[in-house]
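Here the structure comes first, spelled out in structure tokens, and everything after it is commentary.
The values are calculated or read from the model by the stated rules, or taken from the named source; none is laboratory data. Predicted model, so just to flag it, every value in this text is computed and none were measured. Heads up, the Cβs are rebuilt from the backbone with ideal geometry, glycines too, and the neighbour counts pull from every protein chain shown.
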Amino acid sequence: MSKKSFIRFTFSAWLFIMTCTGGEKAAAQNTQTPPLKEIFKNDFLIGTAMNAQQIEEKDAAADRLIKQQFNAVTPENVMKAEIIQPGWNKYDFDLADKLVAYAQQNNIKVNAHTLIWHSQLPAFMHGMRDADSVRQYFINHITNVASRYDGKVYSWDVVNEALNEDGTLRKSIFLEKLGDNYIVEAFRLAQKAAPHTKLYYNDYNIEQPEKRAGAIAVIKKIQAAGVRIDGVGIQGHWKAGTVPMQNIEESIKEFSALGIEVMFTELDLGVLPNPWNNNTAEVSSTAKGSAAMNPYANGLPDSVEQMQSKAYADLFSLFMKYKNNVTRGTFWGVNDGQSWLNGWPIPGSTNYPLLFDRNFKPKAAFYSVIATVTPRGN
Ligand code: G3I
């Protein structure tokens, strides 16, 4: 069966099911959009980040696309410490509970994000000097939050972004007050609180050799301590046209060799000029705006869209080459309009980093991504 007829067959089969199941309206609206989750169902999970408005189902267009396209979601912000534990003994599980309920109703897996991170810490942690208080927060937060969602979420980013670009441990209140074994302790506490939940380490630029070596050392240290770690998340905040393909391939091989899952957890291929000569996702560092730094405010030129489409196709071809090691690809937002890259590093930017445009319509990159799946049996 040729590739074109395979995709035509999958789509018509999907359309037939939609029509039979009375999904006429949705089908009519999405006639051109085969579901990513169906296309990749034999390969890896396909996910998206969800923001608070989407979790509260206040965004009908996004809601339709999330239910149609994705079988995994990551909370963009609502399960982070500053939101889920605003007070020493005060927890706010409202939006996190809504996300879990939404996912259960729609047969979607939740990758909870994130238990231990130097950023978006609760206000009461800022300036905390006493190591015993930091340790008590650390134990309480992981134990109380992870145990609440054990078996209800599929996985946790237990620790996020604990490394510097040279692979050394990033300075943080946790490293400072708890010492360099804090990552192992975080996974030990999470394993105890959430025995039915997968546990991951998540970071950006860990495809880069030095930082990758640092991540491998962290993972080996956890494993050597006899503590469970199930996978590593490479965030994937890259720029279309400069995606480090060779480093990504090497990182898939090296992380897989540790016997753990490899995931791409916060995918977006931005198209705007990079104000720095390095690739970072450090939210606290911003840059000065100018027309030159925001060249597509009035629309994405076709040449740039085609370049991005090729970049996404190359990336997903690599994921398909290693589909036995890559277990998930998650986009950091449903559509271009939702992306954090419209506000970072230059507030008020107009970026186009995802597969769906601001009208929730599939872009060229969407079709090049699904074209990376070859029909079974060929
Ligand atoms: O909720 C408040 C709102 O009440 C207030 O009116 C508004 C104005 O300041 O801010 C809102 O909080 C914002 C929050 O997103 C929710 O929208 C914060 O200012 C803003 O900093 C925060 O940005 C998030 C960022 O993490 C913070 O570090 C982005 O949405 C989110 O996409 C981004 O995600 C991170 C991953 O967690 C880890 N990897 C990198 C990735 C991108 O930075």
Practice item. Evaluate the following for residue 100: is it among the β-branched types (Val, Ile, Thr), within 24 Å of residue 197 (Cα to Cα) and assigned to a loop (DSSP other than H, G, I, E, B)? Key: no
It is to be established whether one or more residues within the range 135-147 are of a type in the set (S, T, N, Q), surrounded by 15 or more Cβ atoms within 10 Å (Cβ to Cβ) and not in a helix (DSSP H, G or I).
no
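Quick grid of which residues meet (1) over 25 Å from residue 174 (Cβ atoms); (2) in a loop (DSSP other than H, G, I, E, B); (3) of a type in the set (A, V, I, L, M); (4) at pLDDT 95 or above:
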| position | (1), (2), (3), (4) |
| --- | --- |
| 26 | yes, no, yes, no |
| 37 | yes, no, no, yes |
| 48 | yes, no, no, yes |
| 68 | yes, no, no, yes |
| 83 | no, no, yes, yes |
| 96 | no, no, yes, yes |
| 114 | no, no, no, yes |
Only one of 353, 345, 301 is within 19 Å of residue 241 (Cβ to Cβ) and either of a type in the set (Val, Ile, Thr) or at pLDDT below 95 (or both), namely 345
In the set 165, 161, the lone residue that is of a type in the set (Asp, Glu), at pLDDT 95 or above, surrounded by 22 or more Cβ atoms within 10 Å (Cβ to Cβ) and within 16 Å of the ligand (Cβ to nearest atom) is 161
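In the range 295-304, what count of residues is obtained for those that are assigned to a helix (DSSP H, G or I) and surrounded by 15 or more Cβ atoms within 10 Å (Cβ to Cβ)?
Number of matching residues: 1.
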- Query: Quick one: would you say residue 365 is away from the ligand (no atom under 16 Å from the Cβ) and either more than 22 Å from residue 64 (Cβ to Cβ) or without any contact (Cβ under 8 Å) to a residue 40 or more places away in the chain (or both)?
  - Reply: no
Scanning the range 305-351 for residues that are part of a loop (DSSP other than H, G, I, E, B) and away from the ligand (no atom under 16 Å from the Cβ) gives 322, 323, 324, 325, 350
